[in-house]
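Heads up, the thing below is written out as structure tokens.
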Amino acid sequence: MGFEGAGILTLAITISGVVIGVSLYGMRSFQVSDIDGKYSDRTYKFSRIITSALALVICALFVLLNGYSLYLCLCILVYMCFKITESASDIFQGILQRALRMDYIGISFIIKGVITLVLFILVVFLTNDLLAGILVLFVSSAAIVIFYDAHKARRFTQTSSNSDLFANVKDLLKECLPIAIYVLLFNTVALIPRYFLELQMGVEALGAYATVAMPVVIVQVSASFVFNPLITPFAQLLNKGDSVGFKSLLFKAILFILILSVVSLLGFGLLGDWFLLLLFGPKIEPFTYLLVPLVICTILVAVSWFLSTILVVLRKLKMLLLASITSFIVVISTSFPFIMVFEYNGANFVLILGLGVFVLICTVVMVSAIRSSFKMAH
């Protein structure tokens, strides 16, 4: 595909990455920490249908208003459909996670990761057509959601009451609105620098930047595999008023973050250039200097995600929204000048600044909320 194909794919990922926040609505952490069953699983499923339809409409309007070529529009929209299958999977996996069946979720990730990646690479290699690869990505992911995720979750689905479904969906969407806005803004914070990079320096510049960023994603994925299973245990400890257990689990999670950060910075700092050249060849050499700042960005994304999850468990949703709004303002006001001055690395520096502000605010809120929550429990 070259840098141009990588740029098109990255633009599709960037745009859908922002809009998918509307579909996800930030509901996963709320759903798996709803251990008292305030809302039925049927309510969560129906709400996801509504938010996914809205997300697809927003994405379509965005690409049309930007005047992209037909091919680029199709790539973005089909990739958005693929992301919506992941959003559907998120609801079923929330049911499994609340039942502490992370084994099924792990198997789902493995199946989906292997099958979709292999099919995508194979189709792009055989056809040299990015759109065909994305289409296969969408179809294969949808099939896995239907025949695996939904099937496994059915066994653990809570039976619905006879209460008004539409009223419950309305209440759920209203209660989760601060989280939804946070997710939308947080995804935007992570992707705005890339949008400005493409706007100021072109699609090939974005492709080069994204190519260097690819191996770094492993840091964020590693963190999510550890943090995701902790949401329900945190909620259970809070519900019991177990201050010692909650703080002990929190300390272990923070320790893991520190170890992951040190290992990632040392590993990519010492071997990153060699690894990038091995993966992508000599053409990537002029851009290897971006690697370590990208690792720092990824660590901050993982830390931000963890802190936001704790605030959702503590139900400090308005403060989470405040942190995300502040971070968004910082990033959107500094992206253009930072990229103009620092070029490629400007995208990294502005993200480090925005996420740093988010982490600081969330940390202060979390410490205060933990003290007050367990003081009230006693």
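The values are calculated or read from the model by the stated rules, or taken from the named source; none is laboratory data. Everything numeric here is computed off the predicted structure, so don't read it as measured data. Virtual Cβ from ideal backbone geometry, glycine too; neighbours counted across all protein chains shown.
From the list 138, 147, 166, the lone residue that is aromatic (Phe, Trp, Tyr) and closer than 22 Å to residue 75 by Cβ is 138.
One line per residue, one yes/no per condition, for (1) polar (S, T, N, Q); (2) in the same structural domain as residue 157 (by TED's automatic domain parsing); (3) part of a helix (DSSP H, G or I); (4) without any contact (Cβ under 8 Å) to a residue 12 or more places away in the chain:
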| position | (1), (2), (3), (4) |
| --- | --- |
| 51 | yes, yes, yes, no |
| 62 | no, yes, yes, no |
| 83 | no, yes, yes, no |
| 93 | yes, yes, yes, no |
| 96 | no, yes, yes, no |
| 112 | no, yes, yes, no |
| 118 | no, yes, yes, yes |
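Here residue 143 qualifies as farther than 27 Å from residue 30 by Cβ, of a type in the set (Gly, Ala, Ser) and within 24 Å of the chain's Cα centre (by Cα). Out of 57, 78, one residue alone is more than 19 Å from the chain's Cα centre (by Cα) and part of a helix (DSSP H, G or I). It is 57.
Being of a type in the set (Gly, Ala, Ser), out of contact with any Pro (no Cβ under 8 Å at 6 or more places or on another chain) and farther than 30 Å from residue 350 by Cβ is a condition met by at least one residue of the stretch 167-188. Apart from one condition, residue 294 fits all of (1) outside any helix (DSSP H, G or I); (2) buried (at least 21 other Cβ atoms within 10 Å of the Cβ); the exception is (1).
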